[in-house]
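So the structure is just underneath, and the comments pick up after that.
A short reminder: the numbers here are calculations on the coordinates, not readings from a lab. The shown structure was predicted, so the numbers you read here are calculated from the model rather than taken from an experiment. Ideal geometry is used to build each Cβ from the backbone, glycine not excepted, and the neighbour counts take in all protein chains shown.
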Amino acid sequence: MTALNNQDSDLEKLCSVAIEQRLGDISGLPKDLVEHVLNSYRKFIASYLNMLRQKDNKPANWMPKVLHIDTELADGMRHFFSDYQHITREFYRLNQKMDRLQEIDKDSQLKLYQHAIDDILKLQSLD
């Protein structure tokens, strides 16, 4: 049980670092959006690690110290016929929409900002 807890903890750390590197600090966003981002990243990174383990012939409990997402492998996951395809496409869509959200000035364009958040959260309901 401890090994599983450590693996979950390591996965959470990798997700937090990936989110910080890609999106910056998301703690100021609405709680529902933060949860959606965390869930999307968690699903994608867990799937990505499974593909990486298979590709590199690593054991099931292997975790990298630092996560570097190989864009070629990740892009390949979008075309892989399994749950990975759906998870990876959702991950890419989320990042695109988060990029657009970050371009909106929350103070001067509050309605547009809220609309963008609602649009992102619609992705969650499609899962």
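Listing for the model above:
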quantity: Qualifying positions in the range 27-65 - in contact (Cβ under 8 Å) with a residue 40 or more places away in the chain and of a type in the set (Val, Ile, Thr); calculated: 37
quantity: Listing of helices (runs of 4 or more DSSP H) fully contained in the range 19-127 that carry 1 or more residues being over 17 Å from the mean Cα position of the chain (by Cα) and of a type outside the set (A, V, I, L, M, F, W, C); calculated: 31-56, 83-103, 110-126
quantity: Count - residues of the range 54-94 that are within 20 Å of residue 123 (Cα to Cα) and of a type outside the set (A, V, I, L, M, F, W, C); calculated: 13
quantity: Filtered residues of the range 42-74 (kept if in contact with a helix residue (DSSP H, G or I) (Cβ under 6 Å, 6 or more places away or on another chain) and of a type in the set (Ser, Thr, Tyr)); calculated: 47
quantity: Residue within the range 95-108 that is in contact with a Lys or Arg (Cβ under 8 Å, 6 or more places away or on another chain) and over 23 Å from residue 123 (Cα atoms) present; calculated: no
quantity: Residue match in the range 60-75 (condition: of a type in the set (Phe, Trp, Tyr) and surrounded by fewer than 11 Cβ atoms within 10 Å (Cβ to Cβ)); calculated: no
